[in-house]
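**Q** Let me begin by handing over the structure; questions about it come next.
The values are calculated or read from the model by the stated rules, or taken from the named source; none is laboratory data. As the structure is a computational prediction, the values presented were derived from the model and not from experiment. Cβ placement follows ideal geometry from the backbone for every residue including glycine, while neighbour counts extend to all protein chains displayed.
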Amino acid sequence: MATNVPPDVLGGSARRRSPTNKFGVAPPNQRRHPRTNELFASKAELRRWLDLELLQKAGEISQLRRQVHYPLNVPARWETLPDGTCLGVLPHKVGTYVADHVYKNAAGDLVVEDVKGFRTPEYKLKRELMKALYGISIFEFTSPK
């Protein structure tokens, strides 16, 4: 291939495209908290965090945290006890689920929240493991465009 041929002659564009995230994530300067300068995974996650901070300040929620890690461990071996019940032993770490936001609502119930733009197969698997291992249903927050 000739290197001195202009790109538009070869069917390409003369302008270089800037590298982008495959999910279309905004640049870091648009995903930083205005007061604490913390970096968020997306603008939607930042907007939701700011809303949750206001709800906590108003007393509607409490114990607000972000990026809470849940280990996803499943039994690697099962043992049968003399009474016939099965017991899982030797936990095997499958992965870790990182919740975007965790808080207690006004009723005192724990809410595990994930801001979703797109549900990846990995997320779907982790969502099911959270339900099976911890009995936690993840609240999926979808930001309006």
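**Q** Scanning the range 64-97 for residues that are aliphatic (A, V, I, L, M), within 24 Å of Leu125 (Cβ to Cβ) and at pLDDT below 95, which turns out surrounded by the most Cβ atoms within 10 Å (Cβ to Cβ)?
**A** Step by step, filter the range 64-97, then rank; the result is Leu72.
**Q** To continue, here is another question. Taking the stated definitions as given, is Tyr97 part of a strand (DSSP E or B) and within 22 Å of Ala44 (Cα to Cα)?
**A** Working: part of a strand (DSSP E or B): yes; within 22 Å of Ala44 (Cα to Cα): yes.
So Tyr97 fits the description; yes.
**Q** I've got another one for you. Somewhere in the range 34-44, is a residue farther than 26 Å from Leu129 by Cα and assigned to a helix (DSSP H, G or I)?
**A** yes
**Q** Can you say whether Glu122 is assigned to a helix (DSSP H, G or I) and within 25 Å of Gln30 (Cα to Cα), as far as the supplied structure shows?
**A** no
**Q** Turning to a different aspect of this structure: Which residue pairs have Cβ atoms closer than 9 Å, lie 6 or more positions apart in sequence or on different chains, and pair a first residue in the range 72-99 that is free of Cβ contacts under 8 Å to residues at least 24 places away in the same chain with a second residue that is acidic (Asp, Glu) and outside any loop (DSSP other than H, G, I, E, B)?
**A** Cys86/Glu79; Leu87/Glu79; Gly88/Glu79; Val89/Glu79
**Q** Filter the range 42-51 down to residues that are within 16 Å of the chain's Cα centre (by Cα) and within 25 Å of Asp109 (Cβ to Cβ) and give me whichever is surrounded by the most Cβ atoms within 10 Å (Cβ to Cβ).
**A** It comes out as Glu45.
**Q** Quick check on my filter: what residues within the range 44-99 are among the aromatic types (Phe, Trp, Tyr) and over 13 Å from Val115 (Cα atoms)?
**A** First, pick out the residues of the range 44-99 that are among the aromatic types (Phe, Trp, Tyr): 49, 70, 78, 97.
Across the range 44-99, the qualifying residues are Tyr70, Trp78, Tyr97.
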